[in-house]
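Before any comments, here is the structure.
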Amino acid sequence: MRSFNLNQTSSMKKSGTLLLLAAAICLWPLFSAAQPLTLNQQGYFEKQGINVLVFSNWYNGLFSDSKISGVEIIHHGVRTATNGDVRLHNTPEQWDAIPQFVERKIDEATNTIEAHLRYPDYDFDYRIKAVADGDEIRLSVHLEKPLPEALRNRAGLNLEFLPSAYFEKAYLADGQAGIFPLYPSGPTQKQGDGSTFPLPIAGGRKFVLAPEDPERRITIEALTGSLSLYDGRNKAQNGWYVLRTLLPSNQTGKAVEWSIRINALPDWVRPPMIAHSQVGYHPDQQKVAVLELDKNDEPLPTARLMKLDENGAAKEVLVGAARPWGGYTRYYYLSFDFSPVQEEGLYFIEYGLQRTRPFPIGRFVFEKAWQPTLDVFFPVQMDHMTVNEAYRIWHGASHLDDALQAPVNHEHFDLYAQGPTTDTPYQPGEHIPGLNIGGWYDAGDYDIRTQTQYYVVRNLVHAWEDFRIERDETTIDQASRYVDIHHPDGKPDLLQQIEHGALALAAQHRAVGHAIPGIVAAHLHTYHHLGDGSTKTDNLVYNPKLDSLESDGLSSGSFDDRWAFTSRSTPLNYGSIAALAAASRALRGYNDELADECLSTAVKAWEEEHSHEPFLFHHGNTTGGRLDDEKLKATVELLITTKEDKYRQSLAEQWPTIESRFAQSAALAVYAMPFMDKEYAQKLEGLVRKYKEQVDQFRKENPFGVPIATGGWAGSGQVIAFAQTNYLLHKAFPGIIGKEEAFQGLHYIYGCHPGSNLSFVSGVGTVSKKVAYGTNRADYSFIAGGVVPGVLILQPDFPENKEDWPFLWGENEYVISVGSSYLYLVHAVQGLLDRGKY
C-alpha cells in the first residue's frame, strides 16, 4: 500500500490483485528487510510498522521517571520499549537519578540522531548515538572522559520493555530459551543497607525477544560487552523488563554498542478505529463518529449504521459518506454523520471490516452514566473512613494519626514543600490535632491535596444547586467513620460528600488558622504503598519517647504518621474560602452547625487576607493557582452566599482578570451574573463572542473539536472543564454558544477521541477502562466511576492510552477532581436534552 500526505482529504481507490497479494506473502522476508529505516520529517526513524524515537520525549519534570523518555520503540502501533539511556540502576524506580538533557542533534545525511546528556552530581557527560542502517539501528554510548569511579559497576545502557507486551512470550539468550515471567519471582540480592536490588533473569550477548511472534520480535546484540535481562517488577509493581549493558571503566570514545533489529510485518497497516460514544446518543443530538486511519491506509467512501433486533439480526439503517477531515498527529481522519437516525434502539457502526460494539440511541442514555461516580468512586476515595461494599472492604479507616507538622525548609518528593517557618503554633514533628477528618484521597495515591479538595467541594455544590441530585445509595456515618456502598441511609449522597470535603477544609482553619497545602506520607516507602489505606500507618499518633515497636494504646513509637505541610499561601487560602462559602449554602438545612462554621470561617479568612500583603509561597502544584484566579473564586462564592455589596464591588474591580483570562474565569463570571448590573452582562457578552472564536478554532485543530493536551498529563479533565464552561455559557448566552459545544466534550470522554474508542469512565459505556491507576492498580483492576486522564500525545505525534498496563499515571490515574466535574457535566448534558429538566 502506498502512503499519502496527511493533509490530503481526497479519497483514494484501492488497487491490487490476488496474484500480487500471493507474491507479497511469498516474498514476506524480502519485503520486510528491503524497506529501510529512515529519518522522517517528525525527527524519528520510521519504516512501515516500526518507529524508533530517540529523545523525542524527556523525563517528566514533576514526576521524574514517567517511562516516557530516551530511546523508544513503537512496534506495529504499540509503544513497547522506552527509557533507552544510561542509567545508574539495573531497574530504575520513579525517583532514581535521571540525567540532565543537554541537546539533541539530527543528521539526515548520515541517518543519525544524537543526544548529549550529563549527570552533574558526578561530572559525567555522555552521548547517545542512534544510526539507522537498512533495517538495523546501531545504538551506542560515547564518552569523552573515562567513567567516574563512583559510577563503576553502576552506570549502564538500559532499554526497558513493556511487560504486558511480552507476557506469555518467550525469549532466546544466546540460544538459551526462556519465558518472560508473568509475575515477578526474583532473583534479588540484599545489600549492606538492607535494601535489595534485582539480579539478572538471563544473560548473553544476543537476545531475541518473542521469536515466535512476528508482531513483537526484536533482536538485540551487544557488539561490545554483554547483555543482562532484569525484571523491574521485583523492585516496584510499575517496573518494566530491562536489557542492560554496564559501561566499561577506563575507556573513552565508543564505550557500548548494540545492534537492534525490529521485525516488521510486510506492508503492515494499523486497522481503522471508529471513535464514538460507548454510552450512546440521545435521539435529538448530533451523532458523528470519527474514523481514524493509518497514514498508509486507503480511505473508503462510506460507513454504515446497523440496528440490532432482539434476535441478534442486524439491519442496515443508514449508509453515509465517510467525509475526509485530514491529518492530525500521525493518523488520517474521516467523519461519519448519522444524526438523521433518531429511532431508539441498539446500534453499531461498520467501516470496511471494522465493527463497533453495540451502543444505544435513546432518551435516557445519560440518566445513569454518572451514578457509578457518586455511588462507588467517591466513597472509595474517602479518607479517614472505613468503606464497605457488600462482602468487600475497600479499605479501613485510614490515617487516623494525622498529622505531624512538616519540617521547615523541606522539599518533599511529591510536589509539597515547607518554607522557612511552620506558620503554625506547632514545632516541626509535633502532632497537629484535629486533621484526621474528612477529605478524599487525591488520586491513585493517598494524600490530602487541599487544592483538589476545594475544587471538588465547589463542583459538588454547584451540581447540587443546579441539578438537585438527591440520589441516596450509600450510608455515610461520620460519627462511626463508616461508609457502606449500596446501602441507602435516607440522606442525599451528594450532600454527604459535600459535608465530607467541608469537614476537611474547616479542620485546617480550626487547627492552624488558614488553609494548608496538604497532608502526605513523610517517607517514600510509605508513599508508594498500594492496597488498603488503613494499613499505611498504625493509626496511632507518633510518640518519639517510645521505642519504634512500642505503643501505649494511644500513641506509638512508629514514625509512620503523615506530614502536614502548612506554609501560608494567599492563593490557596482564597481557594479554600471559595469552597467553604459555597459549602455553607448547600449544607444549610442539612448540617446547619457546619454551614455556619463554613461561612464564618470564609468571611473571617477573607477579611484577614485583606489586612496584609499576599503570602505568595509557591511550590509544585500544591500551593494554589494564580492569585487573581483564586481571589476571583472567593469573591464570587462569597457574593452568591451573602449578596453583600463589598463582594460585588470587589468583583467589579477584578474585571481585568475576567477579561484577560476569560476561558479560565467564564464559569465564575456567569455564576455572578444574577448579582451584577446590566453593564456587566453586556461586557460579558462581548467576551463570549470572542471566546466562541476560540471554540471554533478547536474544530480546525483536531477532528474531535476539543482542546487536547500535549503535555505530560493527558487532558480528560481539561476537556470536561471546557464542556462544563460551554454549558454555562450556553445557558447564559444561547444565541452564541450552542448545546453541541457541551455535548462534544462528553462524547470525547466516552470514546470519541484519538488512539482508541474506550470510555475513559470505568464501568460506564459498553467498553470502558478496566485497567487503571487507582489504589488497586497492582491488581490490574479499576474503580467504577473513576475517570482517567485519557489520551497522552507523546511527542511528536503518538496518541497513547494503555489498557493493559495501569501504571502510566499521565494516562490512567484517577483524580477525584475530575470525577466531580464529570458528575456535573453528565447532568448538564442530560438537562439540555431533557427539555426543561434543570
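The values are calculated or read from the model by the stated rules, or taken from the named source; none is laboratory data. This structure is a prediction, so every number in the text was calculated from the model and none was measured. Virtual Cβ from ideal backbone geometry, glycine too; neighbours counted across all protein chains shown. Calculation scope for accessible area: heavy atoms of the full protein, side chains included, ligands and nucleic acids excluded. Shrake-Rupley method; radii C 1.70, N 1.55, O 1.52, S 1.80 Å.
Assorted remarks:
- For Leu616 and Gln342, a Förster radius of 56 Å and the Cβ-Cβ distance give a FRET efficiency of 0.55, rounded to the nearest 0.05.
- Shape analysis of the range 271-339 based on the Cα gyration tensor places the equivalent ellipsoid semi-axes at 24, 14, 11 Å, largest first.
- Distance (nanometres) between label positions extended 7 Å along Cα→Cβ at Asp677 and Lys315: 6.3 nm
- For a straight C-alpha distance cut-off of 24 angstrom, the lysines reachable from Lys235 (same-chain residues fewer than eight places away being disregarded) are Lys67, Lys169, Lys190, Lys536, Lys802.
- Residues within the reach of a label modelled at Ser64 (point 7 angstrom out along Cα to beta-carbon, backbone nitrogen below 19 Å), restricted to the range 79-120, are 82-101, 118-120.
- When the pairs Lys206/Lys770; Lys287/Lys700; Lys287/Lys491; Lys307/Lys692; Lys631/Lys700 are compared against a 30 Å limit on Cα-Cα distance, Lys206/Lys770; Lys287/Lys491; Lys307/Lys692; Lys631/Lys700 fall above it.
- Gained length - Asp489 relative to Arg661, 0.36 nm times residue gap less alpha-carbon distance: 57.6 nm
- Overall form of the range 257-413 per C-alpha gyration tensor (a/c, 1.5; a/b vs b/c): oblate
- Surface composition of the chain: carbon and sulfur atoms hold 51% of the protein heavy-atom accessible area at a 1.4 Å probe.
- With kT/(6 pi eta Rh) evaluated at 37 °C and eta = 0.692 mPa s, and Rh the Kirkwood radius from Cα pairs, the range 603-648 diffuses with a coefficient of 279 µm²/s according to Stokes-Einstein.
- Within the full protein context, the accessible area of Ile393 is estimated at about 90 Å² for a probe radius of 1.4 Å.
- In the context of the full set of protein chains, the chain has a per residue accessible area of 39 Å² (1.4 Å probe).
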